[in-house]
Amino acid sequence: MNKTETLKRIISEGSSHQSLFFNHPDAIYVMDIHGNYIDANPSVERISGHTLEDLIRMNREHLCPPDSEKSRQKCIDEVVAGHSVSNSLKFYHRDGSLRQANITYVPITAEGEVVGIYGIAKDVTEIIEVERKLQETQEKYQILAEHAQDLITKCSLDGELLYVSPSVYPLLGYRPEEVTGKSFKDYCYPGDYPDPLDVSVIGNGCKMRVMHKNGHYIWMETLAKPVSGREGEDTQVVSISRDITQHKDADRRLRESRQRYKSLFEHTPAAVYSLDLEGRYSSVNRNLVQLLNIPRSELIGRSFLNNLDKSEVQSGKTYFEQVKQGKPQHYETCVVNARGRKIDVSIMNVPIIVDQELVGVYGILSDITERKDYTERIQELSKQHTLILNSVTEGIYGLDADGITMFMNPAAASMFGYEVKELVGKSSHPIMHHSRADGSYFPVEECPIHMTVMDGQRRLIKEDVFWRKDGSSFLVEYQVTPIIDQGQIQGAVVVFNDVTGEREIVRAKETAELAAQAKSEFLSMVSHEIRTPMNGIVGMTELLIGTDLSEEQREYAQIIQESGDALLNILNDILDFSKLESGKMALAYEPFSLRKMLEQVAELFKSRADEKQLKIRYRLNPSIPEFMVGDAMRIRQILVNLVSNALKFTDQGSIDVTVDIIKGRRPESSVLDFAVKDTGIGIPADKLDQLFQSFSQLHPVINRKYGGTGLGLVISKRLVEIMGGSISVESEEAEGSTFRFAVPATSIDVPQEEAARQFSHDRTRQGDKIPISILVAEDHPVNRKILTEYLEKLGYTPDVCTNGVEAIEAISQKTYDIVLMDIQMPVMDGLKATDLVHRLIPQDRIPTIIAVTGNSKREDKEACLEMGMRDFISKPVMLSELKRVLQQWGPADQPQLAPN
């Protein structure tokens, strides 16, 4: 019989133990010596979910994880060797969960030989989980106790410390092992520790002083809870104690602060009070009671407005509303006491805010009656002294002991060329006395003024040099006198006169004027000489473009035309800049239509804008009157400069021109506010300050690309300033720019018929073209040909002559509608010829004479108009300008040529 059969026989013969086998709560099973299941009691299925048939049939790797199966096999080997073995193994429940059991393996022997194995298994999965959670809980509480900042202790009911957390060291200076086993009472201030220990008291929290290891006491707040034993009786007390020393100190300081505040409130020299949000007194000190002569009981609940002078009540309400908005107020007012006496007071009101909510107003009131009287007397005395100082013609200034300017009268500031505020507070020597007459450096230690400050000796200097703000010098005679107070030198006073010879001043002035005049005449001559050939270049190019050209020829011609326009702009800029520099730029105030001006500016740049596919838009504030009085020519020039700049530096988007008006109390005090906004390349922030500087170049590459003299904005700025306005710029690189300028203007009411007469430049007359008799008086053959070609291009056949004498002769023999008269011609110039025409020709036969000249100055235009000419065309002559003249000055009672 083999071992397996022997085993089955033993099992079958053990019927006396069958009841125990089948009813035992633990799982009991029988295996052969190879670990194969032979029998199992019902508890096996209850614990594992597997029947005996499942265990016999199943692969072992489905019963246990690999490590547990390996451990089970090892146990089987030991049991086969005759040993009983206990082990803890993991197994798979039938529901797939992993569980754990404690198993005892017992050998089954027959005739001294192991023939099988008993396995007795107890499911300990839940027990192990409970133990794990208990361990985790203990670890958490241990960590909490070990790292808590508060002191955690556990003691017996008689106060013996059984556990003390590590926080005892930073709080009290003891190591936990130093105090464990000792009585808590030994460390408490006498009388603070409950005796006997009353958990109901400390359970609700109690404050006690505990001795620090250094010997001082720490205030601690303790919460305690009893811990019950197995029989339900309290056997221990767990407590948590927190250091509240700082809180105690804070409470003490708060009490002290309140006491100090109360003392300050009552004993401060000023009158102090608080108001509720209705302006009623909620507290007052005795000084306010004495000042108003009203008992405290009557003041409380009374409005502070009742104590103000009637003239101050409204302002008092305003200030109170301001402080209720959280804004402290400091102001002076007048109160009236119970006896009717008016008292000047200074009041400081501040909001009382609690938890970010305004709950009242705190006020401090000081009697300033005497101070105001004293101040008024001082101000009157100071005013008298200032009047005297400002009235003298000598320059006077004072220095302190360090050479710093303390004061200066207007005469001195004027001679130095500074504002008084520019010198006060500055060291005087480096500014006004730094060089000798020959320009050599003047050391401060050799300066007579400095020497007086040092030695206190009065000095009179007959001749010396002072320096002005503009860098020029002037000869002075001065006296320096020390300022001495209580025997100490506090500074010096300098009294000086400008002794520069009158003859030298006059000579210098005349020299400068002659130089400026020579410069002006030179530029005027150069302008005329340049404009004459420029007229040929620009005019012939415009005529050439109007002919039948190849694409390449047209491109070349357009380049010539653009270059000519650029040269003309440069010439105009240089002339304008020269006039501005010499101070000879005159203003002419006349009525003009702002809307018409904007239309003309937009029309001027329309073709260039269309080429770049840009929009030029303008917006006029509807409240701006139809007609204004101002220097229309200069305003238009500024607008043209700004729009031209915007167009130059904008490749996509738009250019917007807006005009607003700021009306003053009187019509003549109105201001026109212009803005030119573009979407161009913008200007770097660090370059904005260079925009209005002469010949400035913001970026060499950009200047090479776009061209220009850099004078356009400078001229615009100067023009705005001489008109009494201002100009500014806002810009961001790659985001565009906005130029703004504001100039004074006067609004007027002009009758309709007068407006129609003054503003008819844009008349568009429809109908058939009628003959207009035209005479061209021009000596230069190129200019003469350009005018003739222009007129023939427009459909007219003009007569021509070459000087003023020929022009007079032609006008006397034939009736002309329009005469285009050059100003500078040989034999007789255009001005003299015009004058003789008005003297010699009958009034009804005098034609409309239009000046044609290379001079573009306003005074030239005025001279032409005064001589009887009706309009002004500058060289080089543009076809568009010629069209305008024919439209405006041709016969008004017949249809005329419509613009092409």
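Computed from the coordinates by the stated procedures, all read-outs in this text should not be read as laboratory data. Not measured: the values here are computed from a predicted model. Cβ atoms come from the backbone with ideal geometry, glycine included; neighbour counts cover every protein chain shown.
Structural remarks
- Placing pseudo-labels 7 Å out from each Cα toward the beta carbon at Asn337 and Glu380 gives an inter-label distance of 2.5 nm.
- For peptides 735-746, 322-333, 348-359, sequence by mean Cβ density within 10 Å, most packed first: 735-746, 322-333, 348-359
- FRET E, pair Phe407, Glu730, Förster distance 45 Å, beta-carbon r, rounded to 0.05: 0.65
- Exceeding the 25 Å Cα-Cα cut-off - candidates Lys133/Lys207; Lys70/Lys122; Lys615/Lys875; Lys832/Lys875; Lys383/Lys421; Lys182/Lys207: Lys133/Lys207; Lys615/Lys875
- Cα shape, the range 331-412, gyration tensor, a/c 1.5 rule: oblate
- Charge tally around Gly491: other residues with Cβ under 11 Å, Lys/Arg +1 each, Asp/Glu -1 each, net -3.
- Gyration tensor (alpha-carbon) shape descriptor, the range 766-889, a/c threshold 1.5: rounded
- Using θ = phi - 60° in the Karplus curve 6.51 cos²θ - 1.76 cosθ + 1.60, the 3J(HN,Hα) couplings for the range 350-359 round to 10, x, 9, 10, 10, 6, 6, 10, 6, 10 Hz; x is entered for Gly and Pro.
- Environment charge at Ile368 (Cβ cut-off 12 Å; Lys +1, Arg +1, Asp -1, Glu -1): -4
- Across the range 395-401, computed HN-Hα scalar couplings (Karplus, 6.51 cos²θ - 1.76 cosθ + 1.60, θ = phi - 60°) run x, 9, 8, x, 10, 8, 5 Hz from first to last residue, x flagging Gly and Pro.
- Relative pair counts by distance (%), Cα atoms of the range 3-129, 5 Å bins: 2, 11, 21, 26, 21, 13, 5, 1, 0
- Cα gyration tensor category, rounded, prolate or oblate, for the range 379-442 with a/c compared to 1.5: prolate
- Spin-label model, Arg260/Glu126: points 7 Å from Cα along the beta carbon direction are separated by 6.8 nm.
- Environment charge of Asn293, counting only residues whose C-beta is closer than 15 Å and scoring Lys/Arg +1, Asp/Glu -1: +4
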